[in-house]
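The values are calculated or read from the model by the stated rules, or taken from the named source; none is laboratory data. A quick note: this is a predicted structure, and the numbers were derived from the prediction, not measured. Neighbour counts are summed over all protein chains in view; Cβ atoms, including those assigned to glycine, are modelled from backbone coordinates with ideal geometry. Heads up: the accessible areas ignore ligands, DNA and RNA and are worked out on the full protein's heavy atoms, side chains in. Shrake-Rupley method; radii C 1.70, N 1.55, O 1.52, S 1.80 Å.
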Amino acid sequence: MNARETIIKIIGSRQHTPTHKTITTFAPVNIALIKYWGKRDNPLNLPVTNSLSIALPTKGTTTTIRINHTTHDAYWLNGEPVDKNSEFFNRLHHFCDLFRFHPSYHFDIDTKNNIPTAAGLASSASGFAALTLAFNQLFRLSLEKPQLSILARLGSGSACRSLWEGCVEWEKGQREDGLDSFAHPYEVTPSFLNSIGVGLLIFAKEKKKMSSRDAMLATVQTSPLYSQWPKQVEQDLTDIKIAISQHNFVRFGEIAEKNALAMHHTMLMSQPSINYCDASTHHYREKIWSLRKSKFPIYFTQDAGPNIKLLFQKENLSAVKEAFPEAEIVFLT
Ligand code: PMV
């Protein structure tokens with residue numbers, strides 16, 4: 001099974017006549033509390049485990065697409081043309097090929113992120129989710145969210161969680177064709193979701209040194225700790241769901257932080273070692289631990305990059321702002 005076969009199965013006999021209008025869509029960034037790290041199928045981005053995320057409703061990607069009536073695609077990222085020789089261009093082109101229902105179709109795609117691109121801030125997740133929504137409208141496919149989630153997953157695994165706001169779970173699925181591997185909203189009482197703040201500490205804005213795709217593959221293949229990871233995720237998922245149901249922020253933060261640390265520790269043990277942390281990452285981790293000990297509950301999570309995302313309760317907002325004036329604060333609702 002490959003990505004083209006997936007799209008054929010999803011779209012089936014639906015009409016896919018393009019509209020000649022310009023389509024604009026938005027998809028939010030999602031931050032995993034329980035991480036996706038490792039694939040059971042690489043081309044289809046099928047994960048080894050489930051994962052759970054929260055969306056940042058005001059942060060994400062806005063994508064504009066139109067059919068361009070020339071002989072090639074043209075892509076812009078944050079106002080700049082995307083270099084045809086770059087890995088990003090290839091990745092985008094490959095994804096667009098899935099929707100090139102006729103060889104004469106070529107696309108102008110203008111994509112804008114209001115968060116740094118490829119610095120471990122999930123911009124590829126919101127990017128591929130926004131692009132999937134755009135193709136759905138461009139070709140008037142009228143696909144449902146679970147089907148769009150499967151298609152977004154083909155661009156970037158975590159993109160399948162960026163189609164909803166709030167808390168979202170991605171089911172790993174069992175099938176080889178991946179048609180049961182998509183995300184869905186995970187219900188959280190609005191007052192609990194409302195009480196949580198996220199602080200973005202974006203000190204490293206440059207592109208990450210190793211893609212999450214390559215790093216995941218290397219971790220699965222070479223880390224002696226990887227065999228523990230699926231058990232860890234299963235336990236953390238069970239525990240965080242209990243914490244969510246009990247509105248227990250302290251447990252919620254503890255589990256999210258532990259899961260992020262376990263992911264980084266697992267990849268650190270790869271051969272050669274994969275280390276996304278820099279001196280600022282360590283500085284902020286220490287600061288968070290010390291604040292937690294002496295002042296108020298504050299936790300962090302970290303993805304495939306050095307940047308840190310703070311998790312705290314709204315009631316401590318002024319203390320967070322005082323301790324981290326450089327943080328960009330985002331609420332979940
Ligand atoms: O979807 P990808 O290939 O960008 O991988 C995302 C990996 C993490 O952000 C580290 C974890 C996650 O679940 O989002």
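Points to keep in mind about this one:
- What the Cβ-Cβ distance of PHE203 and LEU268 gives, at R0 = 25 Å and to the nearest 0.05, is a FRET efficiency of 0.80.
- Under a 5 Å amide H cut-off, with hydrogens placed 1.01 Å from N, ILE329 pairs with LEU200 among residues at least 5 apart or on other chains.
- For the chain, the relative contact order comes to 21 percent (Cα pairs under 8 Å, sequence separation of at least 6).
- The figure for LYS207 is an accessible area of roughly 140 square angstrom, using a 1.4 Å probe on the protein chains alone.
- Near LEU33, the amide H atoms lying under 5 Å from its own belong to LEU52, SER53, ILE54; only residues 5 or more places off or on other chains count, and H is placed 1.01 Å from N.
- Counting heavy atoms of the protein chains alone, HIS93 has an accessible area of about 60 Å² for a 1.4 Å probe.
- Amide H contacts under 5 Å for THR61, placed H, 5+ residues apart: ALA27, VAL29
- Cα-projected label distance for THR22 with ARG251, points at 7 Å along beta-carbon direction, nm: 5.1
- C-alpha long axis of helix 123-138 to longest principal axis of the chain, angle in °: 30
- Euclidean distance of C-alpha centroids, region 223-268 and region 66-92, integer Å: 38
- For the residue pairs LYS21/LYS208; LYS112/LYS314; LYS287/LYS314; LYS84/LYS145; LYS35/LYS208, the alpha carbons lie more than 26 Å apart in LYS21/LYS208; LYS112/LYS314; LYS84/LYS145.
- Rounded FRET efficiency, nearest 0.05, which uses the C-beta distance separating THR70 from GLN228 and R0 of 35 Å: 0.10
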